[in-house]
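Every number here is computed from the coordinates shown, using simple stated rules; none is lab data. Just so we're clear, the structure is a prediction, and the values are computed from it rather than from any experiment. Backbone-built Cβ (ideal geometry, glycine too); neighbour counts: all protein chains shown.
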Amino acid sequence: MARCSTSSFLAARELFRLNRAGQSKRVWLCAPADQRETLRALGLPLQIEVRFVSLRLATGELEVLVTTMLIGLSHLSLISDGE
């Protein structure tokens, strides 16, 4: 999960523009052409489905978060847990 800025992904910008909490939008993100070869070599997907969610902070500010919609976890073995 990550926080989005008001100038990040198009889906995040749309949620900021709506300025409403409790909104959700699912989209597919595609890897940039210059990174596809590396992703293929690592066995990682060239596109992933993510969900953008808006919520209202106690300060009144709108926050937009993004998270993956991954079902399988096999590709996460590339992440080291420090052990």
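Quick look at the values:
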{"quantity": "Ranked list, fewest to most other Cβ atoms within 10 Å of each Cβ, for Val27, Val53", "calculated": "Val27, Val53"}
{"quantity": "J(HN,Hα) series, the range 46-61, from Karplus relation 6.51 cos²θ - 1.76 cosθ + 1.60, nearest Hz, glycine and proline x", "calculated": "8, 8, 9, 8, 10, 10, 9, 10, 9, 8, 9, 6, 4, 6, x, 6"}
{"quantity": "Local electrostatic count at Ser8 - Lys and Arg +1, Asp and Glu -1, tallied over other residues with Cβ under 15 Å", "calculated": "+3"}
{"quantity": "Chain lengthening between Ala58 and Glu14 when straightened (0.36 nm per residue, less Cα-Cα)", "calculated": "13.7 nm"}
